[in-house]
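The values are calculated or read from the model by the stated rules, or taken from the named source; none is laboratory data. Keep in mind that this is a model prediction, so the values were computed, not measured. Here the Cβ positions follow ideal geometry from the backbone for every residue, glycine too, while neighbour counts run over all protein chains shown. Heads up: the accessible areas ignore ligands, DNA and RNA and are worked out on the full protein's heavy atoms, side chains in. Shrake-Rupley method; radii C 1.70, N 1.55, O 1.52, S 1.80 Å.
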Amino acid sequence: MEITSIFFLYILLLSWVSLTITGYGPAPAPESGDSIGLSPDYDKMSEPPALSPAMGISGAPAPGLGEESSGDLSSPPPVKSDPWTVKWCAVKDEFVDCQNYLNLLGQKENYTWECVKRETTEACLESIKKGEADLINLEAGLAYIAFLNYSMKAIANEVYCNHAESYEAVAIVNKKLCKHGEEEISLVDFKGKRSCHGGYSTAMGWNYPVNHLKNLTSSQQLNDEEIVTGFFSKVCAPSEFESKGICSGCGNENGSCSESNLYSGHSGAFRCLVEDMGDIAFVKGDTALLFSKEGPNNQTWSTKSMSDFMYLCLQGGCREINGYPGDCSFGAVPANVIMTSNSISSKKMSAVLQSLLNATWVDALYTGKNAAGHLLSSSAQGLILVEKLTRSYLGNSASISSSIQEINLKKVEPSAKESVPGLPSSPSTRIQHTWIIATFIVIFSQSFL
């Protein structure tokens with residue numbers, strides 16, 4: 001009888017231990033909305049992964065049936081926009097240009113065009129996600145984020161000189177820094193100097209040079225910010241996303257540069273170089289041509305001549321600036337794209353494309369009103385239809401963006417062997433604890449037999 005009672009007590013205690021130690025048994029399967037890590041077979045995936053919360057960029061609604069897929073599968077937001085109004089989201093100073101441009105359109109097929117002003121690109125993406133806006137023009141790096149996290153797709157892209165649908169990402173330096181002796185200067189010689197970037201997460205200003213620095217320094221275990229700040233002494237890389245961006249080289253070391261557009265964009269990065277805020281600027285291939293003292297889009301800060309600067313070649317050496325950097329380039333970047341939500345109706349999108357691609361509209365758009373390079377790129381000469389899926393259109397730029405996000409995800413994900421404060425221990429550890437207690441109970445009960 002005594003043995004039976006002790007055995008019964010043992011069973012009760014063992015059950016209590018199993019129930020009170022949380023997480024006993026297999027972990028539950030992740031929900032459809034959870035973020036997943038990037039894999040080597042990313043290009044083969046039909047649905048790209050969502051960014052880690054550490055990226056500071058929110059998720060997106062799921063696309064409708066038959067539309068392009070993106071990483072987040074959350075439920076679609078309620079549509080608040082007028083179905084007969086096309087709203088173009090303009091960031092800050094773009095609003096004036098937007099009003100001038102859209103006045104040319106008037107009303108097409110019962111659709112009225114309006115401009116919606118927001119303070120940042122992130123705010124515009126959120127507005128499109130909520131149905132408060134329809135369109136935005138984005139460069140390739142930010143377009144990838146819009147596709148991946150906001151369920152958006154590219155519908156039209158800019159066209160440049162000679163019908164080009166891409167531009168070169170280059171590094172520009174002061175001519176006086178280019179040596180003319182036996183040793184040619186290279187990017188390595190700028191370690192410890194100051195850098196100007198058109199924008200955090202942009203293709204030309206950030207992703208392409210970071211990808212090169214990552215390979216140059218073999219910094220596979222560092223995230224993007226650590227790679228850049230570990231190479232340059234001061235960095236100016238404004239961001240359109242909250243809590244991102246690096247401001248040590250923007251003249252505001254302890255503050256945020258996310259809300260300032262003084263040194264943002266390719267023209268802002270060149271301005272950073274012109275005003276001697278930096279020693280190297282990562283910009284578009286034609287930036288110095290357009291915004292130097294003699295350039296067609298020169299500004300009040302354009303106090304230096306194009307001849308004062310040179311392209312810095314990746315293989316070493318410098319090259320005169322003429323708009324065609326050749327092999328002095330980090331690579332070709334897909335042209336900026338007009339993007340919209342996957343949830344837009346086919347009828348509305350058809351009307352939008354008909355207006356955007358209208359020849360009269362395009363001719364009127366590029367007659368000098370775009371000198372500041374706001375709503376559309378200063379070097380754009382027209383718009384054409386994007387016939388590819390967004391991921392395919394972005395091509396190598398998307399692959400580079402993905403590789404940078406991968407190193408960022410690796411940095412924020414805790415090691416499987418480390419214990420993270422505030423999180424329960426692993427299931428295997430909890431099982432071990434359970435059996436240790438159970439064994440103790442058996443030994444303790446035998447002492448009474």
Original post:
Local charge sum around Ala164 (other residues, Cβ-Cβ under 13 Å, Lys/Arg +1, Asp/Glu -1)?
Top reply: -3
Subject >> Extension gain, Ser307 back to Val96 (0.36 nm per residue minus Cα-Cα distance, nm) >> reply: 72.7 nm
Original post:
What is the set of long-range amide H partners of Ile246 at a cut-off below 5 Å, with H atoms built 1.01 Å from backbone N?
Top reply: Ala237
Subject >> Extension gain (nm, one decimal) between Glu184 and Lys347, 0.36 nm per residue minus Cα-Cα >> reply: 53.0 nm
Original post:
With the other protein chains left in place, how much accessible area per residue, in square angstrom, belongs to segment 150-199 at a 1.4 angstrom probe?
Top reply: 46 Å²
**OP:** For segment 335-345, take each phi angle, set θ = phi - 60°, evaluate the Karplus expression 6.51 cos²θ - 1.76 cosθ + 1.60, and give the result in whole Hz per residue in order, putting x for glycine and proline.
**Re:** 4, 4, 10, 7, 10, 9, 6, 5, 7, 5, 6
Subject >> HN-Hα J in Hz across segment 159-168 - Karplus 6.51, -1.76, 1.60, θ = phi - 60°, x for Gly and Pro >> reply: 10, 10, 4, 6, 6, 5, 10, 7, 9, 8
Original post:
What residues qualify as long-range amide H neighbours of Ser166, i.e. H under 5 Å apart, gap of 5 or more or another chain, H built at 1.01 Å from N?
Top reply: Tyr160, Ala335
**OP:** Just the number, please: carbon plus sulfur as a percent of the accessible area of segment 129-199, 1.4 Å probe, no ligands or DNA/RNA counted.
**Re:** 47 percent
Original post:
With respect to the cross-link table entries Lys92/Lys348; Lys117/Lys244; Lys92/Lys175; Lys175/Lys214, which display a Cα-Cα separation exceeding 28 Å?
Top reply: Lys92/Lys175
Original post:
Each residue of segment 323-332 in turn: what ³J(HN,Hα) in whole Hz from Karplus with 6.51, -1.76, 1.60 and θ = phi - 60°, glycine and Pro shown as x?
Top reply: x, 10, x, x, 7, 8, 9, 7, x, 7
Original post:
If the chain between Asn358 and Gln315 were fully stretched, how many nm would it gain, using 0.36 nm times the residue separation less the Cα-Cα distance?
Top reply: 11.2 nm
Subject >> Accessible area of Leu138 in the full protein assembly, 1.4 Å probe (Å², nearest 10) >> reply: 0 Å²
**OP:** Report, to the nearest whole %, how much of the accessible area of segment 275-342 belongs to carbon and sulfur atoms, 1.4 Å probe, protein only.
**Re:** 49 percent
